[in-house]
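Q: Before anything else, here's the structure in question.
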Amino acid sequence: MLGEKNIQDCLQKEIFENLSILPSNINLSGAEIELIGVEEKEYLLRNALKEVKNDYDFVIIDCPPSLNMLTINSMCAGDTVLVPIQCEYYALEGLSQLMHTIDLVKDRLNPELEMEGVVFTMYDARTNLSLQVVENVKSNLNQKVYKSIIPRNVRLAEAPSYGLPITKYDARSTGAESYRLLAEEVIHRGEEDW
Ligand SMILES: Nc1ncnc2c1ncn2[C@@H]1O[C@H](COP(=O)(O)OP(=O)(O)OP(=O)(O)O)[C@@H](O)[C@H]1O
Ligand SMILES: [Mg+2]
């Protein structure tokens, strides 16, 4: 993003079958300050990705939870925004703020930007709270909500400490299965009754 390296040099290709990553590290936290005064700083990621995006079916940009220049870069580079919501606390307030930001970015920086959908995570079937959060978001938000809900699952919590995606760490866990179903929904977006 600072133009020090070419995107091809940063890509780690096929670290798993069909999966390449473009990793970051702690230095990225300084980006906000380093980008002060840089021209067209909202479009750095978009311009870098242009070179490689046609090589992939999907490019997924993992964002920080806060709104900053990195998030703006992601929204300028992306076609859609997929919002994960934890079923653990009252999520609506943060969500309406986010929708507002998406609208602003669409108006001013990336007219193509659309909402992809909302996915619920950390769902705990034993608690009323999980159900309440889901019902509350569904009734207050005019958005696509994925049918697949990601449960709280200990295998999902363990996988990162082994540096493995859940599909490699425990492909038969309910966590892996629910992410597979979500992936199918995302892939078939817009096709009814797939
Ligand atoms: N469905 C789940 N069930 C159990 N643990 C989970 C689940 N999803 C994520 N976790 C665990 O919770 C922790 C945080 O998850 P994750 O990094 O995906 O959250 P995040 O919102 O992206 O956090 P950050 O804001 O730091 O990027 C991780 O240790 C992860 O393994
Ligand atoms: Mg994260």
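Q: Pop out the ³J(HN,Hα) list for the range 171-180 in order, Karplus 6.51 cos²θ - 1.76 cosθ + 1.60 with θ = phi - 60°, rounded to Hz; leave Gly and Pro as x.
A: 5, 9, 5, 5, x, 5, 4, 5, 5, 4
Q: Which aspartates and glutamates have a Cα lying under 19 Å from the Cα of Lys144, excluding residues fewer than 8 positions away in the same chain?
A: Result set, ordered by chain and number: Asp79, Glu93, Asp103, Glu112, Glu114, Glu116, Glu135, Glu184, Glu185, Glu191, Glu192, Asp193.
Q: Let me ask you something else. Relative contact order for the range 1-78: what is it in percent, counting Cα pairs under 8 Å that are at least 6 residues apart?
A: Relative CO of the range 1-78 lands at 30 percent.
Q: Among all the lysines, which ones have a C-alpha under 16 Å from Lys53's C-alpha, if same-chain residues fewer than 8 places away are not counted?
A: Reachable lysines: Lys13.
Q: Any idea of the accessible area per residue across the range 1-78, 1.4 Å probe, to the nearest Å²?
A: About 74 Å² of surface per residue is accessible.
Q: Go through 82-89, 106-113 and give me the packing order, highest mean Cβ count within 10 Å leading.
A: 82-89, 106-113
Q: On a C-alpha basis, how far is the centre of the range 107-177 from the centre of the range 32-84 in Å? Whole number, if you could?
A: 22
Q: Turning to a different aspect of this structure: Each residue of the range 113-129 in order: what ³J(HN,Hα) in whole Hz does its phi give by Karplus 6.51 cos²θ - 1.76 cosθ + 1.60, θ = phi - 60°, with x for Gly and Pro?
A: 5, 10, 7, 7, x, 10, 10, 8, 10, 6, 6, 10, 4, 7, 9, 5, 4
Q: Give me the tail of P(r) for the chain as a percent: Cα-Cα pairs with distance above 25 Å.
A: Every Cα pair in the chain considered, those over 25 Å come to 45 percent.
Q: In the range 87-160, carbon and sulfur make up what percent of the accessible area (probe 1.4 Å)?
A: Answer for the range 87-160 is 49 percent, counting heavy atoms of protein chains only.
Q: Once phi is turned into ³J(HN,Hα) by the Karplus curve 6.51 cos²θ - 1.76 cosθ + 1.60 with θ = phi - 60°, what whole-Hz value does each residue of the range 65-78 show in order, with x for glycine and proline?
A: Karplus-based 3J(HN,Hα) across the range 65-78 equals x, 8, 8, 8, 5, 6, 5, 4, 4, 5, 5, 7, 8, x Hz.
Q: Can you tell me what the convex hull of the Cα atoms of the range 98-194 projects to on average, as an area in nm²?
A: Convex hull of Cα atoms, orientation-averaged projection: 8.3 nm².
Q: State the Kirkwood hydrodynamic radius of the range 41-124 in Å, one decimal place, computed from all pairs of distinct Cα atoms.
A: 13.8
Q: Counting only protein heavy atoms, what percent of the accessible surface of the range 1-78 is carbon or sulfur at a 1.4 Å probe?
A: Its accessible area is 50 percent carbon and sulfur atoms.
Q: Further question: Sort all Cα-Cα distances of the range 1-78 into consecutive 5 angstrom bins from zero, then give the percent of pairs in each bin up to the one containing the longest distance.
A: Pairs per bin, as whole percents: 3, 13, 26, 28, 19, 9, 2, 0.
Q: Which of the GluC sites (Glu not before Pro) found in the range 135-194 are loop residues per DSSP with 14 or fewer other Cβ atoms within 10 Å of their Cβ?
A: Glu191, Glu192
Q: Considering only DSSP states other than H, G, I, E and B, which GluC sites (Glu not before Pro) in the range 10-69 qualify as loop sites with at most 14 other Cβ atoms within 10 Å?
A: Glu17, Glu39, Glu40, Glu51
The values are calculated or read from the model by the stated rules, or taken from the named source; none is laboratory data. These numbers come from a predicted model, not from an experiment. Reconstructed Cβ throughout: ideal geometry from the backbone, glycine too, with neighbour counts over all protein chains shown. Note: accessible area is taken over every heavy atom of the protein model, side chains too, but ligands, DNA and RNA are not part of it. Shrake-Rupley method; radii C 1.70, N 1.55, O 1.52, S 1.80 Å.
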